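What follows draws every value from the coordinates through simple rules; no lab data is involved. Since the model is a prediction, treat every value here as computed from it, not as a measurement. Every residue, glycine as well, gets a Cβ built from its backbone with ideal geometry; the counts of neighbours run over all protein chains shown.
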Amino acid sequence: MAKDSNGAANSLQSILYERGSLRLLDQRKLPLESVYLDIKDASDGWSAIRDMVVRGAPAIAIAAALALAVEVHNLDFAGTPGDAASFLVKKLEYLVSSRPTAVNLSDAATKLQKLVLKTAETASEPKPVFQAYIDAAEAMLSDDVAANKAIGSHGARFLQGQIEGSERLCVLTHCNTGSLATAGYGTALGVIRSLHAEGVLEKAFCTETRPFNQGSRLTAFELVHDRIPATLIADSAVAALMKSRQVDAVIVGADRVAANGDTANKIGTYNLALCAKHHGVQFYVAAPITSIDLSLSSGQQIIIEERSSKELLHSDGGLGKQVAASGIAVWNPAFDVTPADLITAIITEKGVITKGVDDAFDIKGFIQKSL
Ligand code: MRU
């Protein structure tokens with residue numbers, strides 16, 4: 001189990017924040033060591049996101065917002081309120097450049113940019129602009145936990161109603177969508193937590209999630225930590241597992257959901273969805289509304305991040321020794337897009353989005369109704 005090397009609570013909390021101070025759990029060191037890194041400004045935040053100290057769509061948005069909140073809390077700024085707003089707008093643009101696929105980061109940045117520009121219009125000094133920014137960034141932390149708990153309970157209720165014949169459910173998940181990928185509790189893993197809390201989870205299966213091993217490194221750690229009955233499988237064992245009829249449902253998170261329901265998530269998610277379709281297994285996406293990008297009509301428009309060849313050439317997602325021949329070409333997309341027609345339903349904090357009679361999601365209509 002993880003040992004704490006620098007005095008922080010030994011927990012699943014990836015983001016430790018109090019005003020003026022941000023510490024991020026270095027997820028590359030889990031499950032054997034629990035080390036928190038001090039994040040002092042936007043530049044530290046950018047590197048922590050790019051280098052996978054913190055990862056998971058909601059967690060990177062919140063970590064980015066809070067890294068800048070720490071920087072401005074400690075800043076001695078000379079300038080007008082408009083200068084303060086421009087300073088924040090530019091820093092947020094820079095933070096968004098750290099990783100491209102998850103929409104939560106750019107969604108958070110856009111909301112914060114609008115807020116500071118509006119605050120600057122009526123402010124007589126820079127301080128209220130920075131204060132409005134800090135307050136809004138801090139609210140993102142608490143709002144995310146509340147959203148995840150709501151996703152968990154909507155999802156658990158919906159899954160129990162959908163899947164007949166099994167008193168207790170076996171659920172397969174991919175990547176890490178738990179406390180470590182969010183401000184707490186998790187999205188897809190939050191639904192698994194809720195199913196377990198309600199006594200209806202027989203077992204969770206988690207994939208290793210090559211090449212970076214978010215499943216074996218992080219999800220297995222969370223499941224063991226919470227004493228949830230669980231089994232780790234190789235990514236390549238998914239089809240065989242489904243054929244053995246041991247899975248009632250697949251539930252995954254999302255990095256960006258297009259208006260038609262096409263969903264970008266960790267590489268390998270599309271494989272799971274294809275296997276699920278073939279074996280008649282329900283396939284669910286669990287994500288907060290902030291993961292939905294209504295500006296994109298389909299998943300074809302989603303930018304997929306490609307990561308370093310080192311993640312494949314070296315063991316342990318690039319952190320270990322070399323295991324493949326130098327000189328081999330590598331293609332390493334971090335995400336793939338699962339088409340909406342392979343997705344049964346999308347579980348959000350506002351409820352579950354199902355398909356209409358036309359067999360399509362009306363995500364825009366759902367969001368408008370839920371406002
Ligand atoms: O590359 P990562 O580890 O940031 O990818 C994470 C995922 O793909 C998650 O499934 C997604 O961000 C949802 S996290 C609640």
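Taking K and R as +1 and D and E as -1, what net charge do the other residues with C-beta under 9 Å from the C-beta of ASP44 add up to?
-2
Give the angle, between 0 and 90 degrees and rounded to the nearest 10, that separates the Cα long axis of helix 127-162 from the longest principal axis of the Cα atoms of the chain. So the helix axis and the longest Cα principal axis differ by about 10 degrees. In whole percents, the pair-distance distribution calculated for the stretch 3-144 from its alpha-carbon pairs, binned every 5 Å from zero, is 2, 11, 22, 22, 20, 12, 7, 4, 2, 0, 0. For the options ALA136, ALA254, ALA63, a Gaussian network treatment of the chain with springs between C-alpha atoms closer than 10 Å singles out ALA136 as fluctuating the most. When DSSP assigns beta bridges and you keep just the ones with both residues in the stretch 3-144, what percent turn out antiparallel, to the nearest 5? Looking only at bridges with both residues in the stretch 3-144, the antiparallel portion is about 80 percent. Note: relative contact order over the stretch 3-144, using C-alpha pairs below 8 Å and six or more positions apart, is 22 percent. For the stretch 64-127, which GluC sites (Glu not before Pro) are in a loop by DSSP, counting at most 14 other Cβ atoms within 10 Å? Within the stretch 64-127, no GluC sites (Glu not before Pro) qualify (loop, at most 14 other Cβ atoms within 10 Å). When the helices of the chain are scored as -39500 (n - 2.57) per DSSP H run of n ≥ 4 and the total is divided over every residue, the value at 222 nm lands at -12000 deg cm²/dmol. DSSP bridge analysis restricted to the chain gives an antiparallel fraction near 50%, rounded to the nearest 5.
The angle between the Cα long axis of helix 269-279 and the longest principal axis of the Cα atoms of the chain comes to about 30 degrees, rounded to the nearest 10. Considering only ALA136, ALA239, SER295, and ranking their Cα positions along the charge dipole of the chain that arises from unit charges at the beta-carbon of Lys, Arg, Asp and Glu, the one farthest toward the positive end is ALA239. Scalar couplings 3J(HN,Hα) for the stretch 89-97, obtained by applying the Karplus form with A = 6.51, B = -1.76, C = 1.60 to θ = phi - 60°, are 4, 5, 5, 5, 4, 4, 4, 4, 6 Hz; x denotes Gly and Pro. Relative to the dominant Cα principal axis of the chain, helix 57-73 is inclined by about 20°.
Report, for the stretch 152-370, the % of DSSP beta bridges that are antiparallel, rounded to 5.
40
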